[in-house]
Amino acid sequence: MLIGYARVSTRDQDLALQTAALKEAGCEKIFSDKMSGGREKRPGLLAALDLCRAGDTLVVWKLDRFGRSMQFVVNTILDLDKRGIGFRSLTEAIDLTSKTGKLLLSVFGWLGEVERDLAKERTSAALAARKAQGKVVGRKSSITPRKAEIARKLLQAGERPRDVAEAIGVSVATFYRHFPPADRQAANAEGN
């Protein structure tokens, strides 16, 4: 079965041109969205992808109607291929069910790998730059300086680690990560 997908970016725009082209191409079912292509979770697209079964082909009027991000487009097309579902774009004359399309599919796979590698490199470079500037990298600590001070005082008073963790509102695992045995003994020694 040929399943069509059409999208426009705003509610004011008309889907008629796309749906007419999809009907002419032989699509039995056509799903649509009136929202940005930057949003990956679009109800019409999700319904179209959900309906697709092995042997079906998802058809779009134009590649940019499918998605704005090249990474999203490539990853979704590769996922469709893994599920045995073909993909066609009418305007660009892309038909991944043909022999030439299989070659293009391998290019899409390569592009997906390149994009993932570039994203990793950009992330690593950004983290390294933040570290070099002395900025904290990663998730904010759930134990604030105030909570740490309270925890030290409770440990000095002889409270059990489990009770201290509960008192400052963190899990026992988080407490132990911030107060390893040596730190707990030092706090107890200060209290004696």
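A short reminder: the numbers here are calculations on the coordinates, not readings from a lab. Because the structure is a prediction, the values reported are computed rather than measured. Cβ sites come from the backbone with ideal geometry, for glycine too, and all protein chains shown count toward neighbours.
Express in nm, to one decimal, how much length is gained between Thr174 and Ala54 on full extension, taking 0.36 nm for each residue of separation and deducting their alpha carbon distance.
Full extension of this stretch gives 38.6 nm more.
Just going by the charge dipole of the chain, with Lys and Arg at +1 and Asp and Glu at -1 on Cβ, which of Gly101, Val137, Ser36 is farthest out on the positive end?
Val137
Go through segment 144-157 residue by residue and turn each phi into a ³J(HN,Hα) via Karplus (6.51, -1.76, 1.60, θ = phi - 60°); whole Hz please, and just put x for glycine and proline.
Along segment 144-157, the couplings run 6, x, 5, 5, 5, 5, 4, 4, 4, 5, 5, 5, 4, 7 Hz.
Would you please classify the overall shape of the chain from the alpha carbon gyration tensor, given that a ≥ b ≥ c denote the square roots of the eigenvalues, rounded means a/c under 1.5, and beyond that prolate means a/b larger than b/c while oblate covers the rest?
prolate
Share of antiparallel DSSP beta bridges in the chain, in percent to the nearest 5? The partial results should precede the final answer.
Details: 2 of 16 bridges.
Taking every DSSP beta bridge with both residues in the chain, the antiparallel ones total about 10 percent.
In a Gaussian network model over the chain where Cα atoms closer than 10 Å are linked, find which of Val114, Val170, Val136 has the largest mean-square fluctuation.
Comparing Val114, Val170, Val136 in a Gaussian network model of the chain, the most mobile one is Val170.
Pick from Gln156, Gln71, Gln13: which residue has the top mean-square fluctuation in a GNM of the chain where Cα pairs under 10 Å get a spring?
Sorting by GNM fluctuation, first place goes to Gln156.
How much FRET efficiency would the formula 1/(1 + (r/R0)^6) give for Gln13 and Leu63, where r is the Cβ-Cβ distance and R0 is 22 Å, rounded to 0.05? Don't skip to the answer; put the middle values down first.
Details: r = 17 Å, r/R0 = 0.79.
After rounding, the FRET efficiency stands at 0.80.
Name the residues whose placed amide hydrogens come within less than 5 Å of the amide hydrogen of Asp33, ignoring near sequence neighbours (fewer than 5 apart) on the same chain.
Amide H to amide H, under 5 Å and 5 or more residues apart or across chains, Asp33 pairs with Ala6, Arg7, Val8.
Using a Cα-Cα cut-off of under 21 Å, which lysines could be cross-linked to Lys120, ignoring same-chain neighbours fewer than 8 residues away?
Straight-distance partners of Lys120: Lys131, Lys135.
In nanometres, what is the gap between the two model label sites at Glu121 and Lys41, each 7 Å from Cα along Cα-to-Cβ?
3.2
Calculate one ³J(HN,Hα) per residue across segment 38-52 by plugging θ = phi - 60° into the Karplus curve 6.51 cos²θ - 1.76 cosθ + 1.60, and present them in order as whole Hz with x for glycine and proline.
x, 7, 7, 9, 9, x, x, 5, 4, 5, 5, 5, 5, 6, 4
Rounded to the nearest 500, what is the 222 nm mean residue ellipticity of the chain from helices alone, with -39500 (n - 2.57) per DSSP H run of 4+ residues and division by all residues? Mind dumping the intermediate values first?
Numbers: 9 runs with 107 residues, N = 192.
Per the formula, -17500 deg cm²/dmol.
Local charge sum around Ser171 (other residues, Cβ-Cβ under 15 Å, Lys/Arg +1, Asp/Glu -1)? The partial results should precede the final answer.
Working: positive: Arg139, Lys147, Arg160, Arg162, Arg177; negative: Asp163, Glu166.
So the surrounding residues net to +3.
Output wanted: per-residue J couplings in Hz (rounded whole) for segment 77-89, from phi through Karplus 6.51 cos²θ - 1.76 cosθ + 1.60, θ = phi - 60°, x for Gly and Pro.
5, 5, 5, 4, 4, 4, 7, x, 10, x, 9, 9, 10
Quick check for me: using +1 on Lys/Arg Cβ and -1 on Asp/Glu Cβ, what's the dipole size of segment 24-130 about its Cα centre, in debye to the nearest 20? All intermediate terms of the calculation are to be shown ahead of the outcome.
On the way: 18 positive and 15 negative charges, 57 e Å.
Value, rounded to 20: 280 debye.
Taking springs between alpha-carbon atoms closer than 10 angstrom, which of Gly86, Gly55, Gly134 fluctuates most in the Gaussian network model of the chain?
Of Gly86, Gly55, Gly134, the most mobile in the Gaussian network model is Gly134.
Using the charge dipole of the chain (Lys, Arg: +1 at Cβ; Asp, Glu: -1 at Cβ; taken about the Cα centre), state which of Leu154, Ile3, Ala47 has its Cα farthest towards the positive end.
The one lying farthest along the dipole's positive direction is Leu154.
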